[in-house]
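To start, the structure itself, in structure tokens.
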Amino acid sequence: GQQLNQSPQSMFIQEGEDVSMNCTSSSIFNTWLWYKQDPGEGPVLLIALYKAGELTSNGRLTAQFGITRKDSFLNISASIPSDVGIYFCAGLNRDDKIIFGKGTRLHILP
Amino acid sequence: DGGITQSPKYLFRKEGQNVTLSCEQNLNHDAMYWYRQDPGQGLRLIYYSQIVNDFQKGDIAEGYSVSREKKESFPLTVTSAQKNPTAFYLCASSTLWGGTSLSSYNEQFFGPGTRLTVL
């Protein structure tokens with residue numbers, strides 16, 4: 001079946017650093033989504049992308065829908081302690097089914 | 001406040017027992033979903049329901065059962081046939097089934113999850 005390869009699996013950064021993570025697939029997706037999950041909670045939608053090449057920002061977060069429709073990246077600028085959590089990419093295929101990546105776990109060092 | 005609730009937060013069961021996880025939403029959403037999350041894994045779809053009295057198998061339905069008798073409720077039963085039931089279970093709902101409507105995403109809103117441990 002369709003799979004999303006999300007990298008890196010985990011990141012350890014200093015507060016204030018910028019963060020970059022990405023998601024790739026061998027399949028085309030019509031919509032890319034980025035979710036964040038806090039420990040012990042359900043994921044919350046951060047950004048939705050609908051068109052190839054689209055670049056969207058939400059505060060310190062910026063995400064792009066790749067031109068090939070097979071990839072997406074998420075950047076977080078000037079990280080703060082509350083950015084800790086797991087970030088999931090997800091893609092909607094042509095059957096309107098959501099496929100989730102395995103997540104990038106973000107740790108912020110004191 | 002509108003939202004999705006799941007209970008209990010933590011659940012322990014003995015091997016061979018069936019257990020039912022609760023999911024309730026007051027968002028007036030038609031579609032509801034159950035996902036399973038294992039450490040280091042993405043979310044995998046167990047079952048979904050597009051509308052009351054209808055539900056469909058997801059990618060990993062074996063060993064699970066659901067019902068959708070009311071719009072606001074979508075309980076999941078983990079049966080003794082599920083070989084590896086220890087996991088974090090997430091319920092979600094959306095306005096409509098399907099990913100997009102009028103070029104916008106039918107956002108799935110997630111509950112806080114239930115962590116099931118089989119002893």
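The values are calculated or read from the model by the stated rules, or taken from the named source; none is laboratory data. If you're wondering where the values come from, they're calculated on a predicted model, not measured in any experiment. With ideal geometry, Cβ positions are generated from the backbone for all residues, glycine too; neighbour counts draw on all protein chains shown. Each accessible area value is taken on the protein alone, full model and side chains, heavy atoms only, with ligands, DNA and RNA left out. Shrake-Rupley method; radii C 1.70, N 1.55, O 1.52, S 1.80 Å.
Laid out as a table, the results:
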quantity	calculated
Strands (runs of 3 or more DSSP E) fully within the range A:40-110 counting 2 or more residues that are open to solvent by less than 50 Å² (accessible area, probe 1.4 Å), over 13 Å from A:Ile28 (Cα atoms) and of a type in the set (Phe, Trp, Tyr)	A:85-92
Any hit, the range B:79-87, residues being at pLDDT 95 or above, more than 10 Å from the chain's Cα centre (by Cα), under 22 Å from A:Pro39 (Cβ atoms) and within 14 Å of chain A (Cβ to nearest Cβ)	yes
Per-region count, the range B:11-26, residues at pLDDT 95 or above and farther than 13 Å from B:Thr77 by Cα	3
Some residue of the range A:28-40 being more than 22 Å from B:Ala92 (Cβ to Cβ) and within 14 Å of chain B (Cβ to nearest Cβ)	yes
Checking B:Ser93 against (1) open to solvent by 10 Å² or more (accessible area, probe 1.4 Å); (2) in a strand (DSSP E or B); (3) within 14 Å of chain A (Cβ to nearest Cβ); (4) touching a residue at least 24 places away in the same chain (Cβ under 8 Å), the condition it does not meet	(1)
Tally, over the range B:66-84, of residues that are over 19 Å from B:Gly111 (Cα atoms) and either polar (S, T, N, Q) or buried (at least 21 other Cβ atoms within 10 Å of the Cβ) (or both)	4
Breaking point among (1) under 14 Å from the mean Cα position of the chain (by Cα); (2) within 13 Å of another protein chain (Cβ to nearest Cβ); (3) free of Cβ contacts under 8 Å to residues at least 40 places away in the same chain, for B:Glu107	(1)
Filter result for B:Leu119 (open to solvent by 10 Å² or more (accessible area, probe 1.4 Å) and within 14 Å of chain A (Cβ to nearest Cβ))	no
Enumerated strands (runs of 3 or more DSSP E) restricted to the range B:4-69, each holding at least 3 residues that are of a type in the set (A, V, I, L, M, F, W, C)	B:19-25, B:31-37, B:43-51
